[in-house]
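Notes to accompany the following structure.
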Amino acid sequence: MSHPILYSFRRCPYCMRAHMALKQTGIKIELREVKLSDMPEEALSISPEATVPILALPDGTVITESWDIVKWSLAQNDADKWLGNNDEHSLDAEVLIETNDFSFKEDLDHYKYADRFPDHSEEHYRKACEAFIEELEEMLIDNNFLLAGQLSLADIGVFPFIRQFSLVNKEWFDNAPYPKVQKWLDNIISTELFQHVFQKHELWQADDIAIYI
């Protein structure tokens, strides 16, 4: 193996942020698009949990947490200072990710699949999500992005999940009182970085010619 290998699922928000960080830092990787219900043996042999993303490095190291992949990528190259000067964004980003990946992600799953959680209505679950959306709206008062006037690791870490939130009821979201979050989301979706990562690829097979990105 001469380059890192990323096992990924295009629409997975965890994969999305890992892939965006890898692409941003210019690290050449082999992309292997997989189906979660039919993970290839090559992936299972290095990560039996059968989750994605999986980043396999040439030295044999395997990274299976998406946020760890983001941080590993930026440790290799952070030319655009996603970490800020002297890593000034790191702590604030960690706090946001803690909220995003746990309480917000749980509320988001309830909102997305409200029919599976009949104890409350879809609106109830959406309101629970809105606590985090309101926090982001406040953070965007002074800047176009969460921690600065340009993209940082915080934006990439949170954005894929807010995108999912926006798509549960797109009409409601487009008319919701969160204009700064709406603009922020649109700005990231329109970047070449996102468009590259969201390209569709055929599912990887063991005898395929490698796709390097």
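The values are calculated or read from the model by the stated rules, or taken from the named source; none is laboratory data. Please read all numbers here as calculations on a predicted model, not as lab measurements. Here the Cβ positions follow ideal geometry from the backbone for every residue, glycine too, while neighbour counts run over all protein chains shown.
Does LEU22 satisfy the criteria of being loosely packed, with under 14 Cβ neighbours inside 10 Å, touching a residue at least 12 places away in the same chain (Cβ under 8 Å) and closer than 28 Å to GLN205 by Cβ? Write out each step before concluding.
Details: loosely packed, with under 14 Cβ neighbours inside 10 Å: no; touching a residue at least 12 places away in the same chain (Cβ under 8 Å): yes; closer than 28 Å to GLN205 by Cβ: yes.
When the stated conditions are applied, LEU22 does not pass them.
Quick check on the range 141-188: of everything there that is charged (D, E, K, R) and not in a loop (DSSP other than H, G, I, E, B), which residue is farthest from the chain's Cα centre (by Cα)? Can you show your working first?
Our first condition is that a residue be charged (D, E, K, R); within the range 141-188, this holds for 142, 155, 163, 170-171, 174, 180, 183, 186.
If we keep only those that are not in a loop (DSSP other than H, G, I, E, B) as well, we get 155, 163, 170-171, 174, 180, 183, 186.
Values: ASP155: 9, ARG163: 10, LYS170: 19, GLU171: 23, ASP174: 21, LYS180: 20, LYS183: 18, ASP186: 15 Å.
Among them, the one singled out is GLU171.
Which condition number in (1) out of contact with any Phe, Trp or Tyr (no Cβ under 9 Å at 6 or more places or on another chain); (2) under 28 Å from ILE27 (Cα atoms); (3) β-branched (Val, Ile, Thr) is the one that VAL158 fails?
The one condition VAL158 does not meet is (1).
Could we say that GLN195 is part of a helix (DSSP H, G or I), without any contact (Cβ under 8 Å) to a residue 40 or more places away in the chain, over 27 Å from GLU106 (Cβ atoms) and not basic (Lys, Arg) here?
Answer is yes for this residue.
Of the conditions (1) among the aromatic types (Phe, Trp, Tyr); (2) assigned by TED's automatic domain parsing to the domain that holds GLY157; (3) surrounded by 15 or more Cβ atoms within 10 Å (Cβ to Cβ), PHE102 fails just one. Which one is it?
Condition (3) is where PHE102 drops out.
Conditions tested, residue by residue: (1) among the hydroxyl-bearing types (Ser, Thr, Tyr); (2) surrounded by 16 or more Cβ atoms within 10 Å (Cβ to Cβ); (3) assigned to a helix (DSSP H, G or I).
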position: TYR14; (1), (2), (3): yes, yes, yes
position: LYS28; (1), (2), (3): no, no, no
position: ALA43; (1), (2), (3): no, yes, yes
position: VAL52; (1), (2), (3): no, yes, no
position: ASP59; (1), (2), (3): no, no, no
position: TRP67; (1), (2), (3): no, yes, yes
position: TRP72; (1), (2), (3): no, yes, yes
position: GLU94; (1), (2), (3): no, no, yes
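I'd like the full set of residues that are touching a helix residue (DSSP H, G or I) at 6+ places or on another chain (Cβ under 7 Å) and of a type in the set (S, T, N, Q), limited to the range 92-111.
THR99, ASN100
Filter the range 105-116 down to the residues that are surrounded by 15 or more Cβ atoms within 10 Å (Cβ to Cβ) and more than 15 Å from ILE162 (Cβ to Cβ) and list them by number.
Hits for the range 105-116 are HIS110, ALA114.
For residues in the range 85-130 being touching a residue at least 12 places away in the same chain (Cβ under 8 Å) and of a type in the set (Gly, Ala, Ser), which is farthest from CYS12 (Cα to Cα)?
By that ranking, first place goes to SER90.
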